Amino acid sequence: MEFKEEQDKISSFNSIYGKIEKQFPISERKPENSLKKILTNKRYKVFNILENSSECGYFTFFEFMDNTILIDYFAIYPQYHSNGFGTKAFELMKKTFSYKGCFLEVEKINHKEPNTIRRINFYTKLGAIKLDINYLYPNSEGYLPMDLYFMPFKNKYCPERTNVMKNIEEAFKNIHFDIKNTQEILSQIKHPID
């Protein structure tokens with residue numbers, strides 16, 4: 001397995017967005033124009049996942065100043081599911097990149113949706129830990145309650161809460177800039193209303 005970075009993200013935008021449309025529900029997708037703008041950010045990366053020279057998936061991420069990343073989108077194509085490609089991809093990330101680890105926005109468990117349980121089990125088997133944060137994913141309808149996980153790449157690193165909050169603010173500023181109520185959402189994350 002290997003990764004191939006998209007060097008010309010703008011030229012390959014239609015391909016990138018087409019993949020995201022097929023793999024993610026509308027509540028988790030950024031609007032087309034917003035993603036076009038995000039792709040111009042040098043700290044936003046797009047990689048294709050290749051197995052024997054065939055593309056089997058992709059991932060995108062945003063680099064934080066503290067040498068961690070936020071996985072914005074990660075997908076293995078359906079025809080490659082249940083063959084260990086997702087596990088291999090994350091293990092390769094840990095070996096390839098020098099980041100301390102990655103943040104993952106993960107749907108909350110929904111017992112009526114078995115894929116939510118499967119995803120959480122997948123991430124935790126790879127070493128991801130659920131952070132004690134009342135995380136809200138900003139979207140065009142307001143927000144989507146999610147859990148925020150952190151998967152260490154190096155030395156069992158786990159960021160402190162103050163760094164997590166700085167990173168959330170940085171993500172909102174750089175990849176959720178188009179959402180009008182981000183300050184309200186940030187306030188609810190920092191000071192949840194019970």
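With R₀ fixed at 30 Å, the C-beta to C-beta distance from LYS190 to GLU5 puts the FRET efficiency at about 0.30. Between THR116 and GLU32, full extension at 0.36 nm per residue minus the direct alpha carbon distance yields a gain of 27.7 nm. By accessible area, using a 1.4 Å probe on protein heavy atoms only, the chain has 48% of its surface on carbon and sulfur.
Amide hydrogen proximity for THR68: with H placed 1.01 Å from N in the peptide plane, the residues at 5 or more positions away or on another chain lying under 5 Å are LYS100. Comparing GLU141, GLU28, GLU91 in a Gaussian network model of the chain where C-alpha atoms under 10 Å apart are linked, the largest mean-square fluctuation is found at GLU141. Note on ARG161: accessible area approximately 120 square angstrom, rounded to 10, probe 1.4 Å, nucleic acids and ligands left out.
For the range 65-194, the per residue solvent-accessible surface stands at 56 Å², with DNA, RNA and ligands left out and a 1.4 Å probe. Working note: Karplus 6.51/-1.76/1.60 with θ = phi - 60° gives the range 113-130 the couplings 10, x, 5, 5, 5, 4, 4, 5, 4, 4, 5, 5, 5, 8, x, 6, 10, 6 Hz, where Gly and Pro are set to x. Listed values for the range 13-24 are Karplus-derived 3J(HN,Hα) couplings in whole Hz (6.51 cos²θ - 1.76 cosθ + 1.60, θ = phi - 60°), namely 4, 4, 5, 4, 5, x, 5, 5, 4, 6, 9, 10, and x replaces Gly and Pro. When only alpha carbons are used to place a centre, the range 1-58 and the range 116-143 end up 20 Å from one another.
Across the chain, the longest run free of exposed loop sites, meaning chymotrypsin sites (Phe, Trp or Tyr not before Pro) lying outside DSSP classes H, G, I, E and B with no more than 16 other Cβ atoms within 10 Å, spans 1-156. Suppose R0 equals 45 Å. What FRET efficiency, 1/(1 + (r/R0)^6) with r the Cβ-Cβ distance, do ASN14 and ASN163 give to the nearest 0.05? Efficiency at R0 = 45 Å is approximately 0.80. The magnitude of the dipole of the chain, with charges of +1 and -1 set on the Cβ of Lys/Arg and Asp/Glu and taken from the Cα centre, is near 340 debye.
Taking the chain as a Gaussian network of alpha-carbon nodes connected by springs under 10 Å, the highest mean-square fluctuation of the residues SER15, SER140, SER27 belongs to SER15. Label-to-label distance for ASN67 and GLN79 is 4.0 nm, based on points extended 7 Å past Cα in the beta-carbon direction. Measuring only protein heavy atoms, the 1.4 Å probe finds GLU5 accessible over about 60 Å². What the phi angles of the range 99-104 give under the Karplus curve with 6.51, -1.76 and 1.60, with θ = phi - 60°, is a coupling list of 5, 6, x, 10, 8, 10 Hz, glycine and proline written as x. So how exposed is ASP8, as accessible area in Å² (1.4 Å probe, rounded to 10)? Using a 1.4 Å probe on the heavy atoms, I get roughly 80 Å². Amide H contacts under 5 Å for LEU144: TYR137, ASN139, restricted to partners 5 or more places along the chain or on a different chain, H placed in the peptide plane at 1.01 Å from N. Only one residue of PHE13, CYS158, MET65 has its Cα farthest out toward the positive end of the dipole of the chain, where Lys and Arg carry +1 and Asp and Glu -1 on Cβ, and that residue is CYS158. GNM remark for the chain: springs join alpha carbons under 10 Å apart, and the peak mean-square fluctuation among GLU32, GLU63, GLU160 falls on GLU160.
The values are calculated or read from the model by the stated rules, or taken from the named source; none is laboratory data. Here the structure is a predicted model, which is why all the values come from computation and not from measurement. Backbone-built Cβ (ideal geometry, glycine too); neighbour counts: all protein chains shown. Ligands, DNA and RNA are excluded from the accessible area calculation, which covers all protein heavy atoms including side chains. Shrake-Rupley method; radii C 1.70, N 1.55, O 1.52, S 1.80 Å.
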